[in-house]
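Let me begin by presenting the structure, written as structure tokens, before commenting on it.
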Amino acid sequence: MKIKETAKIVSTESLAEGIYSLLLATTASQYAIPGQFINIYCNDGSKILPRPISICEIDKLQGTLRVVYRVVGKGTEEFSKLQAGDTVEILGPLGNGFPLEAGDAIVVGGGIGVPPMLELAKQLEGYVTAVLGYRTDDLFLADSFVDAAGDVVIATDDGTVGVHGTVVDAMKENDLKADVIYACGPKPMLRGVAEYAESIGAKCYVSMEERMACGVGACLGCVCQSTEVDDHSHVKNKRVCKDGPVFLSTEVVL
């Protein structure tokens with residue numbers, strides 16, 4: 001169930017250079033699951049299209065959703081200037097989230113793909129290992145995973161913290177095993193994670209990142225290549241906003 005409503009800003013926070021957190025009071029919190037996203041509309045009427053932002057945390061009791069995003073343009077720059085008490089129009093929750101599989105799990109986040117994995121780590125019931133990849137030592141949200149996961153492994157591109165290299169390097173170096181792996185990040189990272197999952201016999205779910213316009217599957221602006229012909233377009237395409245953003249790694253071409 002998706003809702004379009006005016007959400008109130010409960011709090012804002014700068015987490016790292018260009019990375020911001022928004023806590024929103026919204027009815028959408030009652031229906032959201034890990035891996036979904038919301039569309040946030042700019043108050044500036046000249047910016048017609050909403051900005052899709054992944055859900056980081058869900059609090060049904062308090063009626064809030066937390067989103068964490070990177071400033072990449074004028075829309076997200078506008079959001080970074082919002083203050084507690086301000087309001088924004090939102091639509092959500094949107095897309096298909098992560099299925100909560102039984103067994104031990106590895107949750108993998110790279111860069112701005114880290115935030116969507118936090119709520120997932122909190123809700124999984126098996127033993128959870130979080131593998132988080134950053135460019136530098138700006139380890140936004142890493143402390144939150146200490147409480148959400150049984151173990152946290154860090155990888156940084158410049159080697160300042162944890163394993164010097166990628167999240168896949170970190171998984172290999174620590175010889176990580178699990179029944180299922182969940183991942184969100186850039187496509188090369190997802191490809192490497194899917195290959196690692198296959199090598200250890202684990203099921204793998206990936207959250208795809210694509211530019212979106214409508215966010216509800218109507219415009220076909222965010223299609224990715226699939227391995228099978230889909231029921232909607234009858235070609236080997238999937239709509240990331242509607243059919244995803246979460247897919248089995250074997251469903252899509254990475």
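The values are calculated or read from the model by the stated rules, or taken from the named source; none is laboratory data. Treat the numbers as computed from the prediction; the structure is a model and nothing was measured. Virtual Cβ from ideal backbone geometry, glycine too; neighbours counted across all protein chains shown.
Couple of notes before you dig in:
- Matching residues in region 60-74 - criterion: being of a type in the set (D, E, K, R) and assigned to a strand (DSSP E or B): Arg66, Arg70
- Selection within region 25-49: residues that are among the hydrophobic types (A, V, I, L, M, F, W, C) and more than 15 Å from Glu78 (Cβ to Cβ). The member of this set that is surrounded by the fewest Cβ atoms within 10 Å (Cβ to Cβ) is Ala25.
- Every residue from region 91-123 that is part of a loop (DSSP other than H, G, I, E, B), in contact with a helix residue (DSSP H, G or I) (Cβ under 9 Å, 6 or more places away or on another chain) and crowded, with 19+ Cβ neighbours inside 10 Å: Gly97, Phe98, Val114
- Contacts under 6 angstrom Cβ, first residue in region 58-70 being at positive phi, partner surrounded by 15 or more Cβ atoms within 10 Å (Cβ to Cβ), 6 or more apart: Gly63/Ala25; Gly63/Ser29
- When Thr160, Thr129 are checked against the criterion of being in contact (Cβ under 8 Å) with a residue 24 or more places away in the chain, polar (S, T, N, Q) and under 24 Å from Pro245 (Cα atoms), Thr129 stands alone in meeting it.
- Options Val252, Val240, Val246; residue that is more than 22 Å from Ala149 (Cα to Cα), outside the structural domain of Asp104 (by TED's automatic domain parsing), surrounded by 24 or more Cβ atoms within 10 Å (Cβ to Cβ) and modelled with pLDDT of 75 or more: Val240
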